[in-house]
Amino acid sequence: MVNNINLNQRKIIDITLPLHSCMEKPLPTFEGFQFQWKSRIEKGQHNNLSKFSMESHVGTHVDAPLHFVSGGKSIDEIPVNRLIGKAQVIEVPYPQVVTDDFLKSRLKAAKIVIFKFGRERLNQEYPYFSIKGVRYLNQQKIQVVGTDNYSIDSKTTKWKIHHMMLGQEVIVVESLLLKNILPGVYEFICLPLLVKGGEASPARALLID
């Protein structure tokens, strides 16, 4: 059953990165977002018809366990209600790392936690999460971890954080647009595409204040 959210007199905030051909790529080896028109009314054709292509980890997207776990759940096997519900946004000022002590003084009852590191921290060598911090999140049965970074791993953690979270079936949402979002508790809605057998999917993500 999908969680009930009352939208009367509440503010809906889109935290999805817009997709466009000039957007940054998480890794230089990734194929970025590519868009082209196949037909245009202004050129005398019957309709406007476009096509686009992208890697599944470009822009705001959801990582399923299959991304790093052989035989793990694919994106279409994640129940939609896992990505809908009360979420806490926590700001992590540079160069703070998400440790167990940092979480103990801030984490509330929400099972969805979104970490705002700041886009200026992208591609930094300094880690975002400590091993003890991730263990603490897993102990608290956090179901979803979101971030405004391209990845929950930095160059120093070398995919360890992905393995620790996805190995416990914690769903990961990356590249959220959090620039103007204040720390606090919101309702969260994130809907990935229903890609059969996919390890990840682009998604539309919203906060409701």
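No lab work stands behind these numbers, since they all come straight from the coordinates. If you're wondering where the values come from, they're calculated on a predicted model, not measured in any experiment. Quick reminder, even Gly has a Cβ in these numbers, built from the backbone with ideal geometry, and neighbours come from all protein chains shown.
Where Lys and Arg each count +1 and Asp and Glu each count -1, what net charge lies around ALA87 among other residues with Cβ under 9 Å from its Cβ?
Net of charged neighbours comes to +1.
Neighbour counts of other C-beta atoms within 10 Å: give me GLU120, GLU199 arranged from fewest to most.
GLU120, GLU199
Which percent, nearest 5, of DSSP beta bridges in the stretch 1-119 are antiparallel?
50
Multiplying the sequence separation of LEU7 and ARG135 by 0.36 nm and subtracting their Cα-Cα distance, what value in nm do you get?
Gain in length upon complete extension: 42.6 nm.
Positive end of the dipole of the stretch 46-144, charges at C-beta (+1 Lys, Arg; -1 Asp, Glu), about the Cα centre: which of HIS67, PHE115, ALA87 has its Cα farthest in that direction?
So the residue we want is ALA87.
Quick check: net charge around SER50, other residues with Cβ under 10 Å of its Cβ, Lys/Arg +1 and Asp/Glu -1?
Net charge around SER50: +3.
Could you compute Rg(Cα) / (2.2 N^0.38 Å) for the stretch 9-69, with N its residue count?
Dividing the Cα Rg of the stretch 9-69 by 2.2 N^0.38 Å gives 1.55.
Between PHE30, HIS46, GLN96, whose Cα lies farthest towards the positive end of the dipole of the stretch 16-110 when Lys and Arg beta carbons carry +1 and Asp and Glu beta carbons carry -1, centred on the Cα centre?
Value: HIS46.
Taking 30 Å as R0, compute the FRET efficiency from the Cβ-Cβ separation of TYR126 and MET23 and round it to 0.05.
0.80
When the convex hull of the C-alpha atoms of the chain is computed, what volume per residue in Å³ does it have?
Dividing the Cα hull volume of the chain by its residues yields 156 Å³.
Give me the one-decimal nm value for the distance between modelled label points at ASN81 and LYS51, 7 Å along each residue's Cα-to-Cβ direction.
4.0
Mind checking which of GLU187, GLU125, GLU77 has the largest fluctuation in a GNM of the chain, springs on alpha carbons under 10 Å?
Of GLU187, GLU125, GLU77, the most mobile in the Gaussian network model is GLU125.
Please build a GNM for the chain, connecting alpha carbons under 10 Å apart, and tell me which residue among ARG82, ARG106, ARG121 fluctuates the most.
The residue with the greatest mean-square fluctuation here is ARG106.
Could you size up the charge dipole of the chain around its Cα centre, putting +1 on the beta carbon of Lys and Arg and -1 on that of Asp and Glu, and report it in debye to the nearest 20?
For the chain, the charge dipole is close to 260 debye.
Provide, for q = 0.21, 0.28 Å⁻¹, the log10 of I(q)/I(0) from a solvent-free Debye sum over equal Cα point scatterers in the stretch 101-155.
Those come out to -0.83, -1.29, one per q.
Can you compute the label reach from TRP159? Point 7 Å from Cα along the Cβ direction, backbone N cut-off under 13 Å, restricted to the stretch 27-66.
Residues 66 qualify, since their backbone N sits under 13 Å from the label point.
Take the Cα atoms of the stretch 86-129, build their convex hull, and give its volume per residue in Å³.
72
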